[in-house]
Amino acid sequence: MAAASINISETPLVLYALRRADDALILGHRLSEWCGHAPALEEDMALANIALDLLGQARSLYSYAAEVEGKGNDEDKFAYLRDVRQYRNLLLAEQLNGDFARTLARQFFYSAFADLYWRAMMQSRNPTLAAIAAKSEKESAYHLRHSSEWIIRLGDGTDESHRRAQAAIDDLWAFTGEMFEVDEVERGLIDAAIAVDPAMLKAKWLKTVTGVVAEATLALPKSDWMQLGGRHGRHSEHLGHLLSELQSMQRTFPGATW
Amino acid sequence: MVTAALSEADLRQRAWDVASRVVDPEIPVLTIADLGVLRDVTLRDGQVEVAITPTYSGCPAMNMIALEIELALEREGFRKPKIRTVLSPAWTTDWMSEDGRRKLREYGIAPPPIGASSRRALFGVQAVACPQCGSEQTELLSEFGSTSCKALWRCKSCREPFDYFKCH
């Protein structure tokens with residue numbers, strides 16, 4: 001019989017850690033789909049390496065969520081035995097890879113945020129989150145440099161690469177607002193200095209993004225309408241398909257190991 | 001074999017010696033002590049606990065290293081050793097020993113610069129000397145290499161490609 005989904009006691013701290021872990025796992029999984037398909041060997045290695053860093057960050061965060069929850073769940077159960085509605089990742093993370101420009105635009109928007117976010121989280125009053133942040137910060141900075149260089153190269157490249165890079169930015173823009181969303185769950189953690197207020201990071205994020213996009217001879221969309229939902233379990237159709245692949249082994253053969 | 005005649009301090013030292021000889025499966029010339037991955041060995045009621053820290057969050061060698069430490073300690077008579085992963089303080093290439101840097105170079109991997117584990121060093125590498133011929137006429141081929149901790153470089157003097165252990 002297929003493995004059933006787990007129940008989770010969603011206290012604010014558990015939910016907070018799960019949301020960030022889900023971002024890293026889902027984005028990392030997306031990047032891993034390029035393995036063996038990237039346009040050049042160096043990029044195949046780069047995307048796989050970034051995926052691996054994100055997977056590592058997800059593991060630390062899931063383990064911490066399990067420890068805080070104290071209900072016998074663990075990193076594997078969180079990853080393999082939750083349904084779409086139980087996932088709380090950013091909608092940006094689950095968007096399809098599309099072409100190389102689209103993958104890199106998604107990575108660029110996320111890394112520009114993660115770089116600032118993890119650096120700020122090093123000051124968290126929660127020692128475990130601060131420790132995870134200290135590891136993730138250097139990794140995110142490296143990821144940001146990689147995707148920034150690609151946005152510039154694609155935007156300021158050929159007519160075709162410019163067209164594709166602009167289309168990617170236009171299509172993904174509406175998913176960037178979710179990174180700065182704060183709900184009641186997180187407000188309490190922000191007040192307790194356990195979490196950072198993402199609104200404090202927005203000006204810097206916009207400066208980084210605007211700078212790179214301008215250098216790439218691209219433009220940011222004028223629209224400020226943003227799609228929300230991922231943090232509350234309302235996802236695009238893409239996440240279900242992703243999970244069916246990510247979870248198939250554990251769902252079909254519960255507890256399988258090798 | 002562990003004998004009762006050994007003092008607590010001697011036992012701890014022996015456990016440290018055993019653990020410190022475990023090598024990184026992906027860079028087998030470096031021990032986990034050379035790398036700075038081995039953080040602490042403690043003894044509680046005769047049970048050994050070893051603390052290790054990951055180089056990169058997703059480094060797949062960590063599971064292998066934990067298993068190797070366990071096996072090495074069991075072989076020396078330490079029963080059911082525990083391996084604990086610590087994240088703080090975050091690992092930096094500054095913890096790599098001088099001996100480790102020399103061994104890396106001899107193995108064909110350019111070691112990270114010392115005392116430079118800042119964001120600027122991660123990005124602002126000026127010159128990486130070729131581990132084969134020593135020339136500083138080198139260029140970056142790919143920021144991501146064969147493992148998380150390495151980037152791929154090429155020497156413009158001897159034309160050999162080589163791995164560079166990223167400053168972190």
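Any read-out appearing in this document is the output of simple, stated calculations on the displayed coordinates, not a laboratory observation. These numbers come from a predicted model, not from an experiment. Note that we place each Cβ from the backbone using ideal geometry, even for glycine, and neighbour counts take in every protein chain shown.
Worth pointing out:
- The Cα center of region A:20-34 and the Cα center of region B:19-63 differ in position by 27 Å.
- When peptides B:41-47, B:143-149, A:30-36 are sorted by average Cβ neighbour count within 10 Å, with the highest value leading, the order is B:143-149, A:30-36, B:41-47.
- Rg/Rh for region A:12-107, where both radii come from Cα atoms and Rh is the Kirkwood radius: 1.02
- For A:ARG125 and A:LYS202, the difference between the fully extended length at 0.36 nm per residue and the C-alpha to C-alpha distance is 25.6 nm.
- Straight-distance crosslink candidates among aspartates and glutamates, where the alpha carbon sits under 14 Å from A:LYS222 and sequence neighbours closer than 8 are dropped: A:ASP170, A:ASP171
- Average projection, convex hull of the Cα set of the protein assembly as shown: 22.8 square nanometres.
- Rh by Kirkwood over Cα pairs, then Stokes-Einstein D for region A:40-163 at 1.306 mPa s and 10 °C, µm²/s: 99 µm²/s
- Average Cα contact separation per residue, chain A, under 8 Å, 6 or more apart, as relative contact order %: 26 percent
- Listed residues B:ALA72, B:ALA110, B:ALA19, most fluctuating in chain B (Gaussian network, C-alpha, under 10 Å): B:ALA72
- Using R0 = 25 Å, the C-beta based FRET efficiency linking B:TYR107 and B:VAL86 works out to 0.40.
- Helix-only arithmetic for chain B: the sum of -39500 (n - 2.57) across DSSP H runs with n ≥ 4, divided by the residue total, places the mean residue ellipticity at 222 nm at -8000 deg cm²/dmol.
- Loop-located trypsin sites (Lys or Arg not before Pro) in region A:90-151 (DSSP state other than H, G, I, E, B) with a sparse environment of at most 16 neighbouring Cβ atoms within 10 Å: A:ARG125.
- Two-site FRET efficiency, A:GLU215 against A:ASP171, from Cβ-Cβ distance with R₀ of 22 Å, rounded to 0.05: 0.60
- As a proxy for reagent exposure, ranking B:ARG14, A:ARG88, B:ARG154 by other Cβ atoms within 10 Å from fewest up yields B:ARG154, B:ARG14, A:ARG88.
- Using alpha carbons only, the radius of gyration of region A:164-220 set against its Kirkwood radius gives Rg/Rh = 1.11.
- Footprinting exposure proxy ranking of B:ILE83, B:ILE109, A:ILE50, A:ILE190, fewest other C-beta atoms within 10 angstrom first, gives A:ILE190, B:ILE83, B:ILE109, A:ILE50.
- Equivalent-ellipsoid semi-axes of chain B, from the Cα gyration tensor, Å, largest first: 35, 15, 13
- In terms of Cα atoms, the Rg and Dmax of region B:1-73 work out to 12.7, 42 Å.
- B:GLN137 paired with A:MET249, simple spin-label distance in nm, labels 7 Å along Cα-to-beta-carbon: 4.8 nm
- Cα→Cβ-extended label distance, 7 Å offset, between A:TRP225 and B:ARG39, nm: 4.9 nm
- Spin-label model distance (nm) - B:GLU49 vs A:ARG85, 7 Å beyond Cα toward Cβ: 4.1 nm
- Taking 4.7 Å between C-beta atoms as the pairing limit, chain B has these partnerless cysteines: B:CYS59, B:CYS149, B:CYS167.
- In region A:141-250, GluC sites (Glu not before Pro) in a DSSP loop with at most 16 other beta-carbon atoms within 10 Å: A:GLU181
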